[in-house]
Amino acid sequence: MDKMIEALQKIIDDSNNIVFFGGAGVSTESGIPDFRSTDGLYNKEWDYPPEEILSRDFFFRDTPEFFRFYRAKLLPVGIKPNKAHLKLAELEAAGKLKAIVTQNIDGLHQLAGSKVVYELHGSTLRNYCLKCHAFYDENFIKESENSENKLPICTKCGGLVKPDVVLYQEGLDDDTVEGAITAISNADTLIIGGTSLNVYPAAGFIRYFKGKHLVMLNKSSTAQDMYCELVIHEPIGKVLDQIKVR
């Protein structure tokens with residue numbers, strides 16, 4: 001482990017344009033569960049798999065059940081950035097890290113201080129009325145559970161408020177995709193962390209990387225490990241916390 005950390009430190013020291021590509025494993029250390037993990041809870045509490053509940057069709061077909069799942073699983077209370085988020089923000093402040101491309105929707109990178117973050121799947125912190133496009137924060141979604149119909153209804157026009165997250169059956173935002181691909185294409189180092197690279201099209205973005213150092217930080221093996229210069233199968237916060245920014 002020490003030798004791997006030394007190797008990662010050397011790569012970071014030698015790099016001037018690092019991009020970090022991250023997934024759910026980055027936020028699990030903050031207490032946010034990966035809803036794809038097998039814990040048996042869904043079989044007991046939910047009548048549908050999470051991928052179905054978090055689909056556009058389901059959102060309109062059974063909106064109350066969608067929001068019951070959404071509040072329980074995607075709006076955890078009191079979450080804070082962990083060591084991985086904080087170190088990435090520190091690397092950006094030092095001019096080493098140029099961008100974060102994330103599949104997460106929790107806003108923890110920005111809360112840690114990161115400025116250039118491409119949120120491929122949107123954010124739970126942004127919510128918009130489907131009729132008048134009025135903006136609401138995540139607290140509005142939480143508090144709507146106490147309403148008569150348990151739905152977030154726009155106070156301005158009475159329309160349904162939808163989280164600004166990319167549901168299954170929906171496409172990614174074009175500007176976000178363009179920014180992410182440009183950042184990855186220009187990077188001299190791409191660090192992939194906390195993702196199994198099984199979710200497309202986001203996982204396919206790494207093929208645009210033409211730089212020098214490709215690093216994988218993930219607890220489990222991935223199909224891309226063989227293409228990486230350095231692979232560390234440890235919790236990402238534990239790894240990044242040992243890196244010195246200089």
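All but one of (1) closer than 28 Å to residue 202 by Cα; (2) open to solvent by 60 Å² or more (accessible area, probe 1.4 Å); (3) polar (S, T, N, Q) hold for residue 146, so report the exception by its number.
Condition (1) is where residue 146 drops out.
Which condition does residue 15 not pass, out of (1) in a loop (DSSP other than H, G, I, E, B); (2) modelled with pLDDT of 90 or more; (3) open to solvent by 70 Å² or more (accessible area, probe 1.4 Å), if it passes all the others?
Unmet for residue 15, out of (1) in a loop (DSSP other than H, G, I, E, B); (2) modelled with pLDDT of 90 or more; (3) open to solvent by 70 Å² or more (accessible area, probe 1.4 Å): (3).
Which members of the range 119-168 meet the condition of being over 18 Å from the mean Cα position of the chain (by Cα), touching a residue at least 60 places away in the same chain (Cβ under 8 Å) and within 30 Å of residue 21 (Cα to Cα)?
Of everything in the range 119-168, those that are over 18 Å from the mean Cα position of the chain (by Cα), touching a residue at least 60 places away in the same chain (Cβ under 8 Å) and within 30 Å of residue 21 (Cα to Cα) turn out to be 141, 142, 162.
The values are calculated or read from the model by the stated rules, or taken from the named source; none is laboratory data. Computed from a predicted model, the values in this text were never measured in an experiment. Quick reminder, even Gly has a Cβ in these numbers, built from the backbone with ideal geometry, and neighbours come from all protein chains shown. Please note that ligands, DNA and RNA were not included when accessible areas were found on the heavy atoms of the full protein model with its side chains. Shrake-Rupley method; radii C 1.70, N 1.55, O 1.52, S 1.80 Å.
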